[in-house]
Each structure stands twice: as structure tokens, then as C-alpha cells.
Amino acid sequence: MKETKLSLEKLGIKNPDFDYVSNKRFSDGSEYRFEVPGIQSPSALKSIISSSEDKDIKIHRATQTKGIMLLTDDEIDEMVSLADNSKIDLFLSVGPRAVYDTSATAQSKEGSRIGYRLRGYDNLVYAIEDVKRAVDLGVKGIVIYDEGLLWVLAKMRESGELPNDIKFKLSAHAGTSNPASAKLFESIGLDSLNPVRDLSPSMIASIRSAIDIPIDLHTENPKSTGGFIRHYEVPEFIKIASPVYLKTGGSVAKHHSWDTTDDEANQRIKQVELVKNMIERYYPEAIIK
């Protein structure tokens, strides 16, 4: 095993010390930011903005998970405007995915392991078109589920076919859970990595030590993905995973593509408030801007 570990270390992959603390930061020097996932509509976005302002809580990112193709142009326009006015980074998810396709396999217990990846040439084209439509409407953040799609989109960004300020975020549904996979995604153009939801702190630390891009961690989860709540671990998340987006409010939903109501949007902000209180109690020196 020693030789294998040395080989990995040469590739920039190693097992961090038990007391590992990340010295990496966002460009503004902050260690953590808040992300609210599952915001599927302009109404829900409006509600989390209003609720966060009432509670004097800064939300840095809002993420839609159902798919760009399920939003009208007017809805996207409104969400872009709302996010811009509130200085929130808006990320919309690529619509085409295996579970929306005609594949019976993707809907089966065994076949579900292919996740939300794309099947065939046509679906790759559809996914790129989905992204181009969102970009044309002013969206600057895209959630991706397929590594091949990421590679193509990053090449298009590099060549100028897509804006150079567009950001690509990988969903937890892509199944990334080790530092080698994380480095691969970073090397092909990823800007923000959401690993699987149930990693231990030491597993998270191994990923952080291998990559420089932000890591997005769920502080809680819908019942469909385990339902576990990790609020007390958040101070540790910040120490080992900085720069980190704390994805908060997920336990309000029943599943990944849940249509968040206005009332549930307010509940999501309450969850952010609970996590914020944990940080202020147990790691008040942590930097947020």
C-alpha cells in the first residue's frame, strides 16, 4: 500500500492529517457562503429573497434543480432579474437527463445507478441547446450531471462559443466521492463541486486537499436521499472544506426536484438561520462576506 500511496501523492492526492484545516479561500477571502437549493420558480426565489432580507441573512447562491427546459423564457427572465437585483448567483440545471428520457432502464432500481447522465448523441445536443438558451437569457450558472457534457461545455467556453464568465457546478447526483474523481472534474473545467451527500469529514478533507475549486456540501437532506441533518458538523465543514458553499434547506423538500412553495421557501431560510446560529456559536471566527 505504501507504493500506491506514493503514486497517488505524486498525482496530488494524499490522505490529509487528522487535524487537517484548509487554508484555501474564496477570492474575497471568505471561508463559506450559503446556497439554497431546490428553488424551482420565480415565486419561490422571490420568497427566499424576502425572507432572507427580513432575517438579515446573506444568501449567495440559489439553485434550480428540475431543469431549464421546464421553465418558460419569461420565468427565466424573472429569475435572472430577481437574482441580479439581490446579488445572488443563480444556477439552473440542465434539463435533459436519463430519468426524463425514454429509458425504462433509468427508472429501474438497478438502472437508476446511471443517475442523470445523458444517453446518446441527440440528448447531448439537447442538453447543449438547453444551456445555450439559458445563457441567451442571461443565466451565468449551470448545474451539470454528466461529465461528458461538462467537457464539451468547458471546451465551448474556452473557444468563445459560450461566455467566459459562465460557471459550471456539478450536482451530487453525478456521484463524486473521492479525490481522484474530484481532480478529474476540476481538470476538465468544473468551477464548483458537489460531492455525494453522506461523506465523512475525513473523506471531505481528502477531496479538499486535492482540488482548489469551491466544494458544495449539504447541511441537510430530503428524505429521498437519507433525510440526515448535519448542522452540528457545519463548523467542521468550514474548517476542512473552505472555500465551501453550505447547501441549506434541503430537508424541507421530499425529493430532489421538489416544487418548493412560497411557505416552504421561508422554511428553507429558517434552516439557513439555524445553521448560521451553529456557526456563530461554535466557530464565530469563520469568515463570510
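The values are calculated or read from the model by the stated rules, or taken from the named source; none is laboratory data. This is a predicted model, so every value here is computed, not measured. Neighbour counts run over all protein chains shown; Cβ positions are idealised from the backbone, glycine included. Accessible surface areas use protein heavy atoms only, side chains included; no ligands, DNA or RNA. Shrake-Rupley method; radii C 1.70, N 1.55, O 1.52, S 1.80 Å.
Of GLY67, GLY141, GLY226, the residue with the greatest mean-square motion in the GNM of the chain, using alpha carbon springs below 10 Å, is GLY226.
Too long at a 25 Å Cα-Cα cut-off: which of LYS24/LYS276; LYS24/LYS247; LYS223/LYS270; LYS14/LYS109? Mind showing how you got there, number by number?
Numbers: LYS24/LYS276 21 Å; LYS24/LYS247 19 Å; LYS223/LYS270 18 Å; LYS14/LYS109 34 Å.
Check vs 25 Å cut-off fails for LYS14/LYS109.
Over the stretch 189-260, what is the relative contact order in whole percent, taking alpha-carbon pairs under 8 Å and six or more residues apart?
On the way: 103 pairs, mean separation 24.4, N = 72.
It rounds to 34 percent for the stretch 189-260.
Residue separation of GLU158 and SER224 scaled by 0.36 nm, minus their Cα-Cα distance, works out to 20.1 nm of gained length.
Quick one: accessible area per residue over the stretch 199-281, 1.4 Å probe, rounded to a whole number of Å²? Provide the component values of the computation, followed by the final result.
Numbers: 3150 Å² over 83 residues.
Ligands and nucleic acids excluded, the figure is 38 Å² per residue.
Which of the three applies to the stretch 127-172, rounded, prolate or oblate, going by the alpha-carbon gyration tensor with a ≥ b ≥ c and a/c under 1.5 meaning rounded? Each step should come with its number before you reach the end.
Values: a/c = 1.56, a/b = 1.21, b/c = 1.29.
The shape class here is oblate.
Per residue, the stretch 1-156 exposes 53 Å² of solvent-accessible protein surface, assessed with a 1.4 angstrom probe and all protein chains in place. Spatially, the stretch 82-112 and the stretch 58-78 are offset by 11 Å when compared through their Cα centroids. How far apart, in nm, are the 7 Å Cα→Cβ label points at LYS2 and ASN277? Each label point lies 7 Å from its Cα, and together they span 5.2 nm.
Order the peptides 51-63, 26-38, 158-170, 207-219 from the highest to the lowest mean number of other Cβ atoms within 10 Å of their residues.
Descending mean neighbour count gives 207-219, 26-38, 51-63, 158-170.
Rounded to the nearest 5, the antiparallel percentage of DSSP beta bridges internal to the chain is 5%. Placing +1 on each Lys and Arg Cβ and -1 on each Asp and Glu Cβ, with no other charges, gives the chain a dipole about its Cα centre of roughly 900 debye. Going by the alpha-carbon gyration tensor, a ≥ b ≥ c the square roots of its eigenvalues, is the stretch 145-205 rounded (a/c under 1.5) or, if a/c is not under 1.5, prolate (a/b greater than b/c) versus oblate? Cα axes put the stretch 145-205 in the prolate bin.
Where the accessible area of the chain is counted over protein heavy atoms with a 1.4 Å probe, how much of it, in %, is carbon and sulfur? If you can, show how the numbers build up before the last one.
On the way: 6990 of 13810 Å².
It is 51 percent, rounded to a whole number.
Modelled label positions at SER50 and ARG25, each set 7 Å beyond Cα in the direction of Cβ, lie 3.7 nm from each other.
Go ahead and set up a Gaussian network model of the chain, Cα springs under 10 Å, then flag whichever of GLY138, GLY120, GLY12 fluctuates most. Highest fluctuation of the listed residues: GLY120. For ASP259 and ASP77, the difference between the fully extended length at 0.36 nm per residue and the C-alpha to C-alpha distance is 63.6 nm.
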